[in-house]
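Notes to accompany the following structure.
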Amino acid sequence: MADKVLTTSATATGGREGHVKSDNGVIDLDLSMPKGDNIPSDKTNPEQLFAAGYAACYDGALNLMASNEKKDIESTLTSEVSLIKDPTDNGFKIGVTMHVEIKGVSQEEAESLAQKAHDFCPYSKATRGNIDVDLHVTAK
């Protein structure tokens, strides 16, 4: 890791019912076990934090790909992270559905940009081959 561009950290205590805090204190949150679909909670969970990071990173990659192709777009990304039962060890794994909405290009161009972003995004690279990621792309 000789060519590091950025290093940051977050510290967790107490696991899924604990607390997480970033090194700069901007993230300073209590955690809660996910309570299931449509059951509100006043605390966050690791899946929401992962979804937020992945959506932001992917949207950055998407806008870079559009800029490289001289495309003027507006994009909205929703990263839907699911906990999935893993029959291999009776535990869990995660899967992601990335909802990509792009204004300013055709459906074909949107799909091409989304795939290029998926190839480039550091989160996508980190998860490639490890979790299922489905892209749902819509040109608006």
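Observations, loosely collected:
- Whole-number percent relative contact order across the chain, with pairs defined as alpha carbons under 8 Å at least 6 apart: 18
- Label positions at residue 10 and residue 82, each projected 7 Å from the Cα along the C-beta direction, are separated by 2.3 nm.
- Degrees between helix 46-68 axis and first principal axis of the chain (Cα, 0 to 90, nearest 10): 20
- Among the lysines of the chain, pairs at least eight places apart or on separate chains and with Cα atoms under 20 Å apart come to 17.
- GNM result for the chain, Cα springs below 10 Å: residue of 73, 84, 102 fluctuating most strongly: 84
- Between helix 107-120 and the chain: long-axis angle, C-alpha atoms, 0 to 90°, nearest 10: 50
- About the Cα centre, charge dipole magnitude for the chain (Lys/Arg +1, Asp/Glu -1 at Cβ), debye: 200
- Beta bridges per DSSP with both ends in the chain, % antiparallel, nearest 5: 70
- Spatial separation of Cα centroids for region 1-75 and region 116-140, in angstrom: 15
- Full-stretch length increase - residue 126, residue 35 - with 0.36 nm per residue and alpha-carbon distance subtracted: 30.0 nm
Rule-based calculations on the coordinates, nothing more; no lab input. Remember, predicted model here, so these are calculated numbers, not experimental data. No Cβ is skipped: glycine too gets one built from the backbone with ideal geometry, and neighbour counts run over all protein chains shown.
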